[in-house]
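Chemist: Just dropping this structure here.
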Amino acid sequence: MNTPLTNQPIRVGVLGFGGLGQAAAKLLSSKREMILVAVADQNGYAYSTEGLNTQACITTYQNQGTIGHLEAFGTLSNNSIQDLIQVTGDAVDGYFLALPNLPNDFIPSVAKEFIQAGWQGVLVDAIKRTSAVEQLLSMKDELQAAGITYMTGCGATPGLLTAAAALAAQSYAEIHNVVITFGVGIANWEAYRATVREDIGHMPGYSIEAARAMTDAEVEALLDRTNGVLTLENMEHADDVMLEVAGICSRDRVTVGGVVDTRNPKKPLSTNVKITGRTFEGKISTHTFTLGDETSMAANVCGPAFGYLKAAQELRQRGISGLFTAAEIMPKFVK
């Protein structure tokens, strides 16, 4: 069913209100083409058809532990996502899933909640792991039948850098390898507890399940041993399956790794993607796309995520639903 074209702002909900969710809300407050109308965390949700005040949401969450305490608009709930979907219905055009994928099937399970509720609209995630994206790929027909336009892997990497690799690949007749290297600086790891745990799950000797079970004290002890730095190599990262699905190259030619400094906002190294291939003339060359060191993780994740949400909304307006990745669709700049 086609959604009628409209000049009204896209009504957006953010699921998850930790560091990433709060950054997403801040970004939305500066946009004219989108309006934040719904937020959910683990213990509650808030909804207003006229839009939510970003600073009030953040202050409430930081002082009282849940957005459910937001004056006039908040509701406490142990099933906040399900309840928010039921309360808002089609009054929310699209959701950004700023959720930790802990356990590894959590975000796919959230997608199933939207399907089961009969909701139709746009969903966008910034999911990282290959196996999690593969679970969503297996739901492609279900999402299409449900009338949901879902964009997966739409953060920085996978996301912005995956799209850059797909674009740069056009110069070549054959792709030899794609190497993604990221540097992330975080002033306070506690603002990104779930993200740091996901990164720990990529380290040798750890798993997603083990990282999820760690207490804050155990995480801090690990960070003390590493001086706050996490070095990640040969990660199970969804850029590989996304580039494979897009027909760019096989997943075994994609390598992802990086360094996360949890005690310094300055990036420990520049984030970049290098695409090496052979041109039709037989020349071997490498394209490099490097992100500016001044852009934060939050800016490089949330900006593309909402750009992909806008692109997905345009697809939906044309009656197109189903699952797409950041390597298949270009994001649209949100004013």
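Chemist: Give the residue that is most open to solvent (accessible area, probe 1.4 Å), with candidates limited to residues of the range 209-235 that are of a type in the set (Gly, Ala, Ser) and more than 17 Å from ASN101 (Cβ to Cβ).
Modeler: ALA217
Chemist: Can you list residue pairs whose Cβ atoms sit under 7 Å apart, with the first residue in the range 305-326 being closer than 22 Å to GLN135 by Cβ and the second being among the polar types (S, T, N, Q) and open to solvent by 10 Å² or more (accessible area, probe 1.4 Å)? Count only pairs 6 or more apart in sequence or on different chains.
Modeler: The qualifying pairs are SER321/GLN144; GLY322/GLN144.
Chemist: Pairs please, first residue from the range 163-184 and farther than 18 Å from HIS237 by Cβ, second anywhere and open to solvent by less than 50 Å² (accessible area, probe 1.4 Å) and not hydrophobic (A, V, I, L, M, F, W, C), Cβ atoms under 6 Å, 6+ apart in sequence or on different chains.
Modeler: Cβ pairs passing all conditions: TYR172/GLY277; TYR172/THR279; GLU174/GLY277; HIS176/THR276; HIS176/GLY277.
Chemist: The conditions are (1) surrounded by fewer than 17 Cβ atoms within 10 Å (Cβ to Cβ); (2) within 22 Å of ALA156 (Cβ to Cβ); (3) out of contact with any Leu (no Cβ under 6 Å at 6 or more places or on another chain); (4) not polar (S, T, N, Q), and ILE248 fails exactly one of them. Which is it?
Modeler: (1) is the only condition that ILE248 fails.
Chemist: All but one of (1) over 30 Å from ARG318 (Cβ atoms); (2) in contact with a strand residue (DSSP E or B) (Cβ under 9 Å, 6 or more places away or on another chain); (3) of a type in the set (A, V, I, L, M) hold for ILE58; state the number of the condition that does not hold.
Modeler: Unmet condition: (2).
Chemist: In the range 276-318, which residue that is touching a Ser or Thr at 6+ places or on another chain (Cβ under 8 Å) and small (Gly, Ala, Ser) is most open to solvent (accessible area, probe 1.4 Å)?
Modeler: SER285
Chemist: Give the residue, chosen from VAL254, VAL260, that is crowded, with 16+ Cβ neighbours inside 10 Å, at pLDDT below 95 and touching a strand residue (DSSP E or B) at 6+ places or on another chain (Cβ under 9 Å).
Modeler: Just one listed residue meets the conditions, VAL260.
Chemist: Can you pull out the residues in the range 122-146 that are over 17 Å from the mean Cα position of the chain (by Cα), of a type in the set (Gly, Ala, Ser) and open to solvent by less than 10 Å² (accessible area, probe 1.4 Å)?
Modeler: None - no residue of the range 122-146 is over 17 Å from the mean Cα position of the chain (by Cα), of a type in the set (Gly, Ala, Ser) and open to solvent by less than 10 Å² (accessible area, probe 1.4 Å), so the list stays empty.
The values are calculated or read from the model by the stated rules, or taken from the named source; none is laboratory data. Since we're looking at a predicted model, the values are computed, not measured. Every residue, glycine as well, gets a Cβ built from its backbone with ideal geometry; the counts of neighbours run over all protein chains shown. All accessible areas refer to the heavy atoms of the entire protein, side chains included, with ligands and DNA or RNA removed. Shrake-Rupley method; radii C 1.70, N 1.55, O 1.52, S 1.80 Å.
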